[in-house]
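The values are calculated or read from the model by the stated rules, or taken from the named source; none is laboratory data. Fair warning: this is a prediction, and the values are worked out from it, not measured in the lab. No Cβ is skipped: glycine too gets one built from the backbone with ideal geometry, and neighbour counts run over all protein chains shown. Please note that ligands, DNA and RNA were not included when accessible areas were found on the heavy atoms of the full protein model with its side chains. Shrake-Rupley method; radii C 1.70, N 1.55, O 1.52, S 1.80 Å.
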Amino acid sequence: DGGITQSPKYLFRKEGQNVTLSCEQNLNHDAMYWYRQDPGQGLRLIYYSQIVNDFQKGDIAEGYSVSREKKESFPLTVTSAQKNPTAFYLCASSILGTDTQYFGPGTRLTVL
Amino acid sequence: AQSVTQLGSHVSVSEGALVLLRCNYSSSVPPYLFWYVQYPNQGLQLLLKYTSAATLVKGINGFEAEFKKSETSFHLTKPSAHMSDAAEYFCAVSDQGFGNEKLTFGTGTRLTIIP
């Protein structure tokens, strides 16, 4: 089955620790995205990438980092510099040149 | 920059009643518009999208939306609500054009179905 997988589904970390969220897709999509979702705020774009080894900051990139070493993978690291990291994180992908994004199931991160 | 406004963060309708979820957009160029649905603790699923081919767009699960340029609106409707429609719905907009695939999302509308 083609799709986007995110792991783990739930993640708990202590304050001050970096944590990496996984996103993998087998749809052969060029573009990948990371969003953060907080109650009542909709989805906000963190980072996106249109090709391997290249990525751009979204609206709320501070305290986050990404890499795009392979077309299929776009991991997100939540660093200790992110002041309020507890949230639901969604990864998405799309075919370059189209606007339709397809979403993974999400990772809920709780920082204790 | 483009934006969307979803009027009503919570909407409740009776089972079998009309569902109407409102979305107004702002865009400097002809937009592409989307409706997504999210069930609890899941990702977003595309319901339908408008890409200038036809102003009335039909989607999955019996939903449809009409693009009205004069009102800058793209409201989502379903004639008869079902219990399984209970979810959160997001409207999104993107600027047309190759290489610009960023979506801007509204803040969402949570739909509750009353038995």
### Selection status of B:L111, touching a strand residue (DSSP E or B) at 6+ places or on another chain (Cβ under 7 Å), open to solvent by less than 20 Å² (accessible area, probe 1.4 Å) and at pLDDT 95 or above
yes
### Task
Consider only pairs whose beta carbons are under 9 Å apart and that are at least six residues apart or on different chains; among these, list those whose first residue lies in region B:56-71 and is touching a residue at least 12 places away in the same chain (Cβ under 8 Å) and whose second residue is open to solvent by 60 Å² or more (accessible area, probe 1.4 Å) and among the aliphatic types (A, V, I, L, M).
B:E64/B:L56; B:A65/B:L56; B:F67/B:L56
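Sort through B:L76, B:L20 and tell me the only one that's away from chain A (no Cβ under 14 Å), in contact with a His (Cβ under 9 Å, 6 or more places away or on another chain) and either assigned to a strand (DSSP E or B) or at positive phi (or both).
On the way: B:L76 fails: in contact with a His (Cβ under 9 Å, 6 or more places away or on another chain).
B:L20 is the lone residue from the list that is away from chain A (no Cβ under 14 Å), in contact with a His (Cβ under 9 Å, 6 or more places away or on another chain) and either assigned to a strand (DSSP E or B) or at positive phi (or both).
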### Query
Which one of the conditions (1) under 21 Å from B:N24 (Cα atoms); (2) open to solvent by 40 Å² or more (accessible area, probe 1.4 Å) does B:E88 fail to meet, given that it meets all the rest?
(2)
## Note on the structure
Per the filter on region A:4-54, residues under 25 Å from B:G106 (Cβ atoms) and either among the small types (G, A, S) or open to solvent by 60 Å² or more (accessible area, probe 1.4 Å) (or both) are A:A31, A:P39, A:G40, A:Q41, A:G42, A:R44, A:S49
### Message
Looking at region A:1-20, I want the residues that are closer than 18 Å to A:P105 by Cβ and acidic (D, E) and have a partner that is open to solvent by 90 Å² or more (accessible area, probe 1.4 Å) and in a loop (DSSP other than H, G, I, E, B) with Cβ atoms under 9 Å, at least 6 apart or on another chain. Which pairs are those?
### Response
A:D1/A:N26
